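Just below is one structure, and these are the notes that go with it.
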Amino acid sequence: MFFWARTLFGTSASLLRRCLENGVAFADGSAFFALDRPDNYLRLNFTQVSELQMEQGLKIIAEFSGISD
């Protein structure tokens, strides 16, 4: 199962680099567009993680995206 998200600040590639350094991975969404490849979409996959891992990963993505609680 995949979910899509869009970054409001920066690119998905720069966000991915920061998240990978903290143990969180997602797919850079630009790879899934045939034309006009936007650079601010993420494709998230939650099929191989627990609910706790999902929550922790989303918090890290939010933190590095500039989103606060």
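The values are calculated or read from the model by the stated rules, or taken from the named source; none is laboratory data. Values in this document were obtained by computation on a predicted structure and should not be read as measured data. What goes into the accessible areas is simple: the full protein's heavy atoms, side chains included, and nothing from ligands, DNA or RNA. Shrake-Rupley method; radii C 1.70, N 1.55, O 1.52, S 1.80 Å.
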(message) If you average the C-alpha positions of segment 1-22 and of segment 35-59 separately, how far apart do those two centres end up, in angstrom?
(response) 8
(message) Given an 8 Å cut-off on Cα distances and at least 6 residues of separation, report the relative contact order of the chain as a percent.
(response) 41
(message) With every protein chain kept in place and ligands, DNA and RNA left out, what is the accessible area per residue of the chain? Probe 1.4 Å, answer in Å².
(response) 73
(request) Enumerate the amide H contacts of I67 below 5 Å, restricted to partners 5 or more residues apart or on another chain; note that Pro and chain-start residues carry no placed amide H. (result) none
(request) Please list, in chain and number order, the residues 5+ apart from T7 or on another chain whose amide H is under 5 Å from its amide H, with Hs placed from the backbone. (result) Y41, L42
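Given a 1.4 angstrom probe, I'd like the percentage of the accessible area of the chain that is carbon and sulfur, rounded to a whole number.
Answer for the chain: carbon and sulfur cover 54 percent of the accessible area.
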(message) Along each principal axis of its Cα atoms, how long is the chain end to end? Whole angstroms, biggest number first, please.
(response) 36, 25, 21
(message) Mean-square fluctuation check for the chain, GNM, Cα pairs under 10 Å: which of L58, L16, L35 is largest?
(response) L35
(message) Can you compute 3J(HN,Hα) from phi for each residue in segment 40-45, using the Karplus curve 6.51 cos²θ - 1.76 cosθ + 1.60 with θ = phi - 60°, rounded to whole Hz and x for Gly and Pro?
(response) 10, 10, 10, 10, 9, 10
